[in-house]
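Student: What follows is a structure written as structure tokens; I'll ask about it next.
The values are calculated or read from the model by the stated rules, or taken from the named source; none is laboratory data. What you see is a predicted model, and the numbers here were worked out from it, not measured in a lab. As a convention, Cβ positions derive from the backbone with ideal geometry for all residues, glycine included, and neighbour counts pool all protein chains shown.
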Amino acid sequence: MGKVYQNIAVYILCGGKSSRMNSEKGLVEFNGKPFIQWILEAVDPLTDQITLVTKNENYSKFQLPIIQDKVENKGPVGGIYSALSHSHFQYNLILSCDIPKITTELLYNLIQAATSSEKDISILCDETHDYPLIGCYQKKVVSVFKDAVLKNHLKLCQLVNDHSPQKIQVNRQNHSAIQNINSPEDLSRIAIQSL
């Protein structure tokens, strides 16, 4: 079956020190599969333009293109800069590696909203939090992220909000799908929820 989009690139940010999880987050297992595998399965129906942003060679087993950060130790802002610098596409879906419950439907809705909006950045949110690492970023904002990296302005939410993004609110029943799993406690909680 063909992919839904031919003009969308996906970048999954697999970097980060994962200090709270005490291991490489994207490779942590949930219900028998690594986080990254769940995310790839959600993305797969949408596009085959999928790239991992990491320097960890353990991700090579997923047989996807891998790029490293252009500037190391700049967090998610640096990861997005690296992704947008690499991309040849106008629209780029940027995802963190710690959202194993993300769904194809939510990502499809995000892309639909982004591609029909005049906003350069579109992100998911709930009633209390924004999720800039479940977002669609136009290639042209690469200069914004490059400038932030060079100036060491690394607070992602602040940077995104300064750019007046489109925020797509997720229904309450889908809140668990967008939650970041940052710690063993978070992992235990979603494991219990999924029973």
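Student: If I go through segment 25-55 residue by residue, how many of them are among the small types (G, A, S) and in contact (Cβ under 8 Å) with a residue 60 or more places away in the chain?
Tutor: Step one: of segment 25-55, the residues among the small types (G, A, S) are 26, 32, 42.
Those still in the list that are in contact (Cβ under 8 Å) with a residue 60 or more places away in the chain too: 26, 42.
Result for segment 25-55: 2.
Student: Which ones in segment 1-39 are touching a Ser or Thr at 6+ places or on another chain (Cβ under 6 Å), modelled with pLDDT of 85 or more and either among the small types (G, A, S) or more than 19 Å from P65 (Cβ to Cβ) (or both)?
Tutor: Result: A9, K25.
Student: Could you say which residue among S194, S176 is modelled with pLDDT under 95, of a type in the set (G, A, S) and within 19 Å of the chain's Cα centre (by Cα)?
Tutor: Exactly one of S194, S176 is modelled with pLDDT under 95, of a type in the set (G, A, S) and within 19 Å of the chain's Cα centre (by Cα), namely S176.
Student: Could you tell me which residue of segment 44-55 is nearest to I8 (Cα to Cα), considering only residues that are polar (S, T, N, Q) and touching a helix residue (DSSP H, G or I) at 6+ places or on another chain (Cβ under 8 Å)? Break it down stepwise before answering.
Tutor: Narrowing segment 44-55 to residues polar (S, T, N, Q): 47, 49, 51, 54.
Now narrow it down to the ones that are touching a helix residue (DSSP H, G or I) at 6+ places or on another chain (Cβ under 8 Å): 51, 54.
Details: T51: 12, T54: 20 Å.
Ranking the qualifying residues of segment 44-55, first place goes to T51.
Student: Out of all the residues in segment 144-185, which are free of Cβ contacts under 8 Å to residues at least 24 places away in the same chain and buried (at least 16 other Cβ atoms within 10 Å of the Cβ)?
Tutor: Residue satisfying the conditions is V144 alone.
Student: Here's a check for you: in segment 105-143, which residue that is part of a strand (DSSP E or B) and of a type in the set (S, T, N, Q) is surrounded by the fewest Cβ atoms within 10 Å (Cβ to Cβ)? Steps first, please.
Tutor: Start the filter on segment 105-143 by keeping residues that are part of a strand (DSSP E or B), which leaves 121-125, 130-138.
Now drop any that are not of a type in the set (S, T, N, Q), which leaves 122, 138.
Numbers: S122: 24, Q138: 19.
Among those residues, the one meeting the criterion is Q138.
Residues checked against (1) among the basic types (K, R); (2) at pLDDT 95 or above; (3) out of contact with any Phe, Trp or Tyr (no Cβ under 8 Å at 6 or more places or on another chain); (4) within 19 Å of T47 (Cα to Cα):
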{"residue": "F62", "(1), (2), (3), (4)": "no, yes, yes, yes"}
{"residue": "Y81", "(1), (2), (3), (4)": "no, yes, no, no"}
{"residue": "S96", "(1), (2), (3), (4)": "no, yes, yes, yes"}
{"residue": "E118", "(1), (2), (3), (4)": "no, yes, yes, no"}
{"residue": "G135", "(1), (2), (3), (4)": "no, yes, yes, yes"}
